[in-house]
Amino acid sequence: MTSKIRRFTHRAAFAAMAMSVLGLSACHHADAPTKIGFLVKMPEQAWFINEEKAATELGKKEGFSVVSIGTPDGEKVLAAIDNLGAQGAQGFVICPPDVRLGPAIRARAKQYDMKFVTVDDRLVDGSGKPLDGVPHLGMSSFKIGNQVGQAIADEMKKRGWKPEEVGALRITDDQLPTAKQRTDGATETLLASGFKKENIFDAPQRTTDDEGGFNAASPVLAQHPDIKKWVIYALNEETVLGAVRATEQLHIPAEDVVGVGINGAGEAFAEFQKKEATGFYGTIAVSSTHHGRDSAQNLVDWIRTGKEPPADTQTAGALMTRDNWQKVRADLGI
Ligand code: GLA
């Protein structure tokens, strides 16, 4: 054997070996059971509980497992990704506790070669733009906000309220783009209906839950004892419910309050089942079942087939009140 041929044989053998190793690992990946994480900022909120449940149920049908982890802060998010990496998960769905964690989350996911998609709250990069290459599924926020504004305007008309005698509590979280878009949409429609701009009061919230709503609303209500009729809106129904509790504490009668939320989840259902109507008039319901199921499906398809999900999927909502909540709930599969 000439040395040239020997070199060739060596090379061929090496190449064959390398290919079989690669082939093996590719095979191993395809055959490995699919496991994904479902990371949410507020694991105790009915909306997120339902999303996780829907993802887990889909997994039972489609043969993948879902590890649900509550991640209320950045440190917990990074620890959860490490945990998933150690368990051999191939990716995760996340609703982050802070959208500015985008670059950090992406870097950590890359360490484990994990794919990820966002649900509800879209991650941003250093300049505040949506994080590139991370598919998102969330509400059509501004339009849903418009529906909130319309529902409030219609109910004010029905009750015969004059614009000059009504105050609006706009509970805001301007750091969160989907929150700002929702409340901006509501404000736009309210103003178009003749609501007085100077009667809209901002109440910044620290957390997007009942407590956050209560704490944001209380001081603003206390500062305006002259206003007897209130409308309330925010990014979600939990926040609005917290604010409605604040009006009750100040003995503002339920018939003088029109709160309209967004979500259509457990707390709203409980409120609609109370014997007496409260200041919580309604909510724009969106299907948390679809959000959980579709975001998990998108991710798993991506892992299994390499097909990247759409960059931005936006979902729609419908007005849910005491009168129709069961029907709307059934229609949306919640
Ligand atoms: C945000 C809110 C949640 C819910 C989702 C839905 O994350 O905090 O309550 O409204 O959006 O997209």
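The values are calculated or read from the model by the stated rules, or taken from the named source; none is laboratory data. None of these values were measured; they are calculated from a predicted model. With ideal geometry, Cβ positions are generated from the backbone for all residues, glycine too; neighbour counts draw on all protein chains shown.
Exactly one condition in (1) closer than 20 Å to residue 278 by Cβ; (2) in a helix (DSSP H, G or I) is false for residue 167; which is it? Failed condition: (2). Select from segment 78-123 the residues that are in a helix (DSSP H, G or I) and of a type in the set (Gly, Ala, Ser) and write down the one among them that is farthest from the chain's Cα centre (by Cα). My answer is 86. In segment 238-263, the residues that are within 13 Å of the ligand (Cβ to nearest atom) form Cβ pairs under 9 Å with partners that are among the basic types (Lys, Arg), at six or more places apart or across chains, as follows: 262/182.
Run down 313, 283, 321 and say which single residue is in contact with a Phe, Trp or Tyr (Cβ under 8 Å, 6 or more places away or on another chain) and within 23 Å of residue 208 (Cα to Cα).
Checking each option against the conditions leaves just 321.
The residues of segment 274-286 that are surrounded by 20 or more Cβ atoms within 10 Å (Cβ to Cβ) and either touching a Ser or Thr at 6+ places or on another chain (Cβ under 9 Å) or farther than 16 Å from residue 190 by Cβ (or both), listed by number, are 279, 280, 281, 282, 283, 285, 286. Just one of the numbered conditions (1) surrounded by fewer than 20 Cβ atoms within 10 Å (Cβ to Cβ); (2) in a loop (DSSP other than H, G, I, E, B); (3) at pLDDT 95 or above is not true of residue 126: (3). Inside segment 30-52, residues that are farther than 20 Å from residue 237 by Cα and either assigned to a helix (DSSP H, G or I) or without any contact (Cβ under 8 Å) to a residue 40 or more places away in the chain (or both) make up a count of 3. Based on this model, can you work out whether residue 80 counts as among the small types (Gly, Ala, Ser) and touching a helix residue (DSSP H, G or I) at 6+ places or on another chain (Cβ under 7 Å)? In short, no. For residue 271, state whether it is farther than 30 Å from residue 133 by Cβ, crowded, with 19+ Cβ neighbours inside 10 Å and free of Cβ contacts under 8 Å to residues at least 40 places away in the same chain. Taking the combined requirement at face value, the residue satisfies it. One residue alone among 185, 167 is away from the ligand (no atom under 16 Å from the Cβ) and more than 15 Å from the chain's Cα centre (by Cα), and that residue is 167. Can you tell me which residue is nearest to residue 332 (Cα to Cα) among those in segment 129-158 that are touching a strand residue (DSSP E or B) at 6+ places or on another chain (Cβ under 8 Å) and in a loop (DSSP other than H, G, I, E, B)? For segment 129-158, the residue satisfying everything is 140. Restricting segment 170-182 to residues that are touching a helix residue (DSSP H, G or I) at 6+ places or on another chain (Cβ under 6 Å) and in a helix (DSSP H, G or I) leaves a set whose member that is nearest to the ligand (Cβ to nearest atom) is 178. Go through the residues of segment 286-304 one by one and say whether even a single one is touching a strand residue (DSSP E or B) at 6+ places or on another chain (Cβ under 8 Å) and more than 22 Å from residue 66 (Cα to Cα). Checked against the condition, which is being touching a strand residue (DSSP E or B) at 6+ places or on another chain (Cβ under 8 Å) and more than 22 Å from residue 66 (Cα to Cα), segment 286-304 yields at least one hit.
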